[in-house]
1. Quick one: order A:205, A:27, A:141 from most to least accessible surface, probe 1.4 Å.
2. Please compute the Cα-Cα pair-distance distribution of segment A:26-82 with 10 Å bins starting at 0, giving whole percents from short to long.
3. When you have a sec, figure out the Kirkwood radius of chain A from all distinct Cα pair distances and drop it here in Å to one decimal?
4. To check you understand DSSP bridge types, tell me what percent of the beta bridges within the protein assembly as shown (both residues inside) are antiparallel, rounded to 5.
5. If you take each beta carbon of peptide B:86-95 and count the beta carbons of other chains within 10 angstrom, what is the mean?
6. Sort out for me the Cα centre separation of segment B:109-167 from segment A:161-212, rounded to whole Å.
7. Would you check the accessible area of residue B:105, probe 1.4 Å, heavy atoms only, in square angstrom rounded to 10?
8. Whole Å is fine, so just give me how far the alpha carbon centre of segment A:11-39 lies from that of segment B:194-213.
Amino acid sequence: MEMNSQFWPILFLSLRVSGLAVAISSIIGLPLGVWLGLRRFRGKSILIGLVQTGMAMPPVVVGLLLYLLLSRSGPLGSWEWLFTPAAMILAQVLLCLPFVVGISMAAVAAVPRELQWQLRSIGASERQSQWAMVCEARTGILLAVATAFGRSLSEVGAVWLVGGNIEGQTRVMTTAIVLETGKGHFSLALLLGAVLLSVALAINIVIVRYQWRALP
Amino acid sequence: MTRALACELDGVCHRLSDAFTLKIDSLDVIEGETLCLVGPTGAGKSTLLRLCSGQEPVEGQFSLFGQARGSSGFPLEVLRQVVTVHQRPMLLSRSVRANIEYGLRVRRVGQTQVRVEELLDLMSMAPLADQDARTLSGGQMQLVGLARALVVNPRVLLLDEPTAHLDPASVALVESLIQRQQQRTAMTVIWATHHLFQARRVASRVALMLSGQLVEIAPTAEFFDHPKDERTSAFVQGKMVY
């Protein structure tokens with residue numbers, strides 16, 4: 001691997017794919033998680049079971065299913081997304097979404113329901129009291145986003161299958177590490193791994209700082 | 001002259017569990033009065049307060065300020081005139097000041113600072129204003145729970161044993177704050193308490209509840225000195241009644 005010419009595009013693509021996947025997962029998953037955490041309805045336990053099963057979904061299985069859907073003969077073949085960053089983002093959204101929903105749901109559900117009743121009894125509307133519940137769960141909600149980011153940044157199986165690890169187009173940090181390891185370039189693979197960890201650390205430091213700032 | 005009614009309950013029935021149903025044949029709470037609810041644990045005092053808040057669906061007739069509860073409940077403007085102080089107030093994980101201001105903020109009231117500072121001073125809690133409310137002692141939390149209710153100048157204040165965990169000085173402070181506000185705004189107070197001496201001190205009328213029903217309701221002196229029901233007589237003498 002020519003370090004100078006290829007390193008930065010790979011790093012930026014990793015951040016772009018993971019960042020967009022986490023953003024999309026959060027936009028869809030946080031409202032869903034909050035809704036699940038606040039509401040009681042018939043069939044909720046089944047829905048929670050599905051979300052938690054999604055958290056255990058092996059990335060290669062997601063990659064394989066998406067590959068079959070997006071391949072030329074698949075139902076979504078006309079999109080021509082296979083071996084593009086769009087397919088990698090879609091795979092990561094599917095992998096991150098259950099984490100965002102599940103963790104944010106648990107965070108909101110952990111706030112005592114009595115608090116909502118007490119806030120209503122001092123004049124909050126239902127919506128205002130629900131928003132207060134969400135604010136009380138803010139550290140858990142940030143944890144959901146941080147977990148999704150970690151999952152996305154470290155994922156390799158699905159992005160390899162649907163991205164194809166094409167040099168200059170769909171190669172990201174994790175697939176590059178696997179490739180360099182296969183070639184026996186262990187020091188380069190280790191170096192890439194250290195960079196990946198440093199990026200994850202830097203982003204998590206920002207999230208943790210925000211979590212602490214969210215506390216009074 | 002007939003005084004306006006804050007709450008009217010007529011033929012109200014509220015089934016809480018297989019073992020407990022609240023049944024109130026008739027109860028009128030007059031605007032500006034302090035009605036104390038007394039009775040043993042599990043008599044239904046808290047349940048009655050919860051119904052009086054207007055937030056719960058009720059079987060039977062229930063009105064607040066002359067407005068009957070419809071099938072979709074009371075409008076928010078009516079509900080906001082009735083505020084509850086709970087026995088164990090749950091506070092937001094924010095500062096003491098933010099907790100006290102909460103009721104004003106949800107009502108979109110500007111210029112909250114003067115009223116909040118006044119209450120903080122009256123409760124000697126000004127030095128704690130910016131402290132995380134969850135780090136307060138149980139008694140201090142109780143005072144914040146009272147302050148967040150009083151700050152919005154409610155028309156009806158529902159008190160669910162607000163002094164249960166307070167020292168005598170704090171009990172006196174709570175009673176004086178409530179009476180001071182009542183003199184200022186003619187606020188109606190429905191106060192559930194286990195302390196008969198407290199009921200004697202603060203109530204204009206006292207009601208005894210047993211097993212989800214009102215046994216007797218009378219002006220304070222009459223309730224304690226000339227009770228009509230033998231269960232009331234036993235209760236005020238400190239005997240066990242069920």
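The values are calculated or read from the model by the stated rules, or taken from the named source; none is laboratory data. None of the values given here were measured: they were computed from a predicted structure. Here Cβ is always computed from backbone atoms with ideal geometry, including for glycine, and neighbour counts include all displayed protein chains. Heavy atoms of the whole protein, side chains included, go into the accessibility calculation; ligands, DNA and RNA do not. Shrake-Rupley method; radii C 1.70, N 1.55, O 1.52, S 1.80 Å.
1. Per-residue accessible area, sorted high to low, gives A:27, A:205, A:141.
2. Spelled out bin by bin, segment A:26-82 gives 20, 31, 31, 17, 1 percent.
3. About 18.8 Å, per the Kirkwood formula over Cα pairs.
4. Beta bridges within the protein assembly as shown, antiparallel portion: roughly 55 percent.
5. Average per residue, whole number: 5.
6. 52 Å
7. 100 Å²
8. First find each Cα centre; the distance between them is then 54 Å.
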